[in-house]
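Quick notes on the structure that follows.
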Amino acid sequence: MISYARQTPEEQPEASLPPVEEHIAPAPRVSVQAFCETVETAAAVQSAGEDRRLGKAHLKIQMGGMAAAIEAYRSAPTPNVIVLESDGRNDLLTGLDQLATVCDAGTRVVVIGRINDVMLYRELVRRGVSDYVLAPVGAIDVVRSICNLFSAPEAKAVGRIIAVVGAKGGVGASTISHNVAWAIARDLAMDAVVADLDLAFGTAGLDYNQDPPQGIADAVFSPDRVDTAFMDRLLSKCTDHLSLLAAPATLDRVYDFGTDAFDAVFDTLRATMPCIVLDIPHQWSGWTKRALIGADDILIVAAPDLANLRNTKNLFDLLKAARPNDRPPLYCLNQVGIPKRPEIAATEFAKAIESQPVVSIPFEPQIFGSAANNGQMIAEISANHKSIEMFLQIAQRLTGRSETKKQKSSLLSPLIEKLRGK
């Protein structure tokens, strides 16, 4: 058994939804067996097994606690992770000693107990226990404990996937996602990549004025070749912090994908990029549903009309049910204030969705049209435009980060900027 000392009992957080800043990386394909003593803990573990972050893990739950575990592994190999529930101190330590005689060396053990004692915690760590979680536990506590076993404690949280989708076609979801990614890279100084998943009609290449010879299609149609080096070759550099995984935007082939077609791409990007922004096309299929449910955070872009309200409500209900341990999706209103068009007010939208929009972006065809036709972001067209602040607000809400402090300007700053431009 391997020792992974993390939190002492006094430091254990209460069972609740993870805060925006907390990023729990998904667990790899591992086997997990839980031996519970109470139905409440068994229910929490069962609920954790349905969480998206344990989607690749194979979970089996049994009752009987420590005694059942020892008996089970006398004649069977141990899994990657064993979750044990125990009430006592002496029985726990004695049972762990017995379990060690039948447990494989590489197996990691998580203990769920009710004794809040630092000395006990240290003794468990000395015996090779990977984590000790105080009962009662919630599903997110179990998810956090198992997933953290497979991520380096000293490493920074990387691989946050942000999915942006339109509630209806033509609402500007791609434009919003590209500008938000620009704000994440420029204003928050995070390395980010935009993955354009609309392989037939994607506009990310046009919006960033990029025409790379390779892109996401090369990865999707060659899943066996996907690794870090291969993905690096496919990325097109837009700025120092922003890269693009472009769509081919051609119709010479049909893009019919299986449910898990993009899994290898997303897993590889998670391992190398702190932030991945998915520009998801407005369609409903197995892989788009999987991409949305599997994302760390979701932004729905909607226009203020009845069809968008209905679709946003449907997306909210489905995603909240499928992601019970994540915070609800965010949404923003776009193209607000089109002349002579009847609109549903933001307050009515919020009442129906039971959530306030992050921002309401006004309809300004002149600047957005110019940016699209010139292959530029709004910040490049007009540095002081009010929508830039809205994109930054969205970026901050999605990433949980605040704007990085900019260096103080000097009298030579304008000249330096001109020289950099040349």
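Tell me, please, whether a residue that is over 28 Å from Asp317 (Cα atoms), hydrophobic (A, V, I, L, M, F, W, C), in contact with a helix residue (DSSP H, G or I) (Cβ under 9 Å, 6 or more places away or on another chain) and touching a residue at least 12 places away in the same chain (Cβ under 8 Å) can be found in the stretch 136-157. Within the stretch 136-157 (the criterion being over 28 Å from Asp317 (Cα atoms), hydrophobic (A, V, I, L, M, F, W, C), in contact with a helix residue (DSSP H, G or I) (Cβ under 9 Å, 6 or more places away or on another chain) and touching a residue at least 12 places away in the same chain (Cβ under 8 Å)), the answer is no, since none of the residues qualifies.
Yes/no matrix, rows are residues, columns are (1) of a type in the set (Val, Ile, Thr); (2) closer than 19 Å to Arg401 by Cβ; (3) modelled with pLDDT of 95 or more:
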site: Arg108; (1), (2), (3): no, no, no
site: Val180; (1), (2), (3): yes, yes, yes
site: Ala192; (1), (2), (3): no, yes, no
site: Leu206; (1), (2), (3): no, no, yes
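For the stretch 175-279, the helices (runs of 4 or more DSSP H) that sit wholly inside it and include 2 or more residues that are of a type in the set (A, V, I, L, M), in the same structural domain as Ile361 (by TED's automatic domain parsing) and under 29 Å from Glu364 (Cα atoms) are 204-207.
Matching residues to (1) among the small types (Gly, Ala, Ser); (2) modelled with pLDDT of 85 or more:
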position: Ile61; (1), (2): no, yes
position: Pro79; (1), (2): no, yes
position: Ile82; (1), (2): no, yes
position: Ser86; (1), (2): yes, yes
position: Leu93; (1), (2): no, yes
position: Asp104; (1), (2): no, no
position: Ile112; (1), (2): no, yes
position: Asn116; (1), (2): no, yes
position: Val129; (1), (2): no, yes
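Within the stretch 249-288, the set of residues being among the basic types (Lys, Arg) and without any contact (Cβ under 8 Å) to a residue 24 or more places away in the chain comprises Arg253 only.
In this structure, Ser236 does not qualify as in contact with a Lys or Arg (Cβ under 8 Å, 6 or more places away or on another chain), surrounded by 18 or more Cβ atoms within 10 Å (Cβ to Cβ) and either free of Cβ contacts under 8 Å to residues at least 60 places away in the same chain or within 23 Å of Thr288 (Cβ to Cβ) (or both). Here Asp187, Asp196 are screened, and the one residue that is on the phi < 0 side of the Ramachandran plot, modelled with pLDDT of 90 or more and touching a Gly at 6+ places or on another chain (Cβ under 6 Å) is Asp196. Note on the stretch 183-207: residues that are surrounded by fewer than 20 Cβ atoms within 10 Å (Cβ to Cβ), hydrophobic (A, V, I, L, M, F, W, C) and within 20 Å of Gly166 (Cα to Cα) amount to 3. Look at the stretch 191-203: where a residue is touching a residue at least 60 places away in the same chain (Cβ under 8 Å) and a partner is part of a strand (DSSP E or B) and hydroxyl-bearing (Ser, Thr, Tyr), sitting 6+ places away or on another chain with Cβ atoms under 8 Å, you get Asp191/Ser243; Ala192/Ser243; Val193/Ser243; Val194/Ser243.
Put simply, of Gly55, Gly64, Gly49 the only residue that is within 22 Å of His23 (Cα to Cα), of a type in the set (Gly, Ala, Ser) and in contact with a strand residue (DSSP E or B) (Cβ under 8 Å, 6 or more places away or on another chain) is Gly49. Scanning the stretch 303-340 for residues that are assigned to a loop (DSSP other than H, G, I, E, B), in contact with a strand residue (DSSP E or B) (Cβ under 9 Å, 6 or more places away or on another chain) and farther than 30 Å from Gly49 by Cβ yields a count of 3.
The values are calculated or read from the model by the stated rules, or taken from the named source; none is laboratory data. Small disclaimer: the values here were computed from a predicted structure and weren't measured. Every residue, glycine as well, gets a Cβ built from its backbone with ideal geometry; the counts of neighbours run over all protein chains shown.
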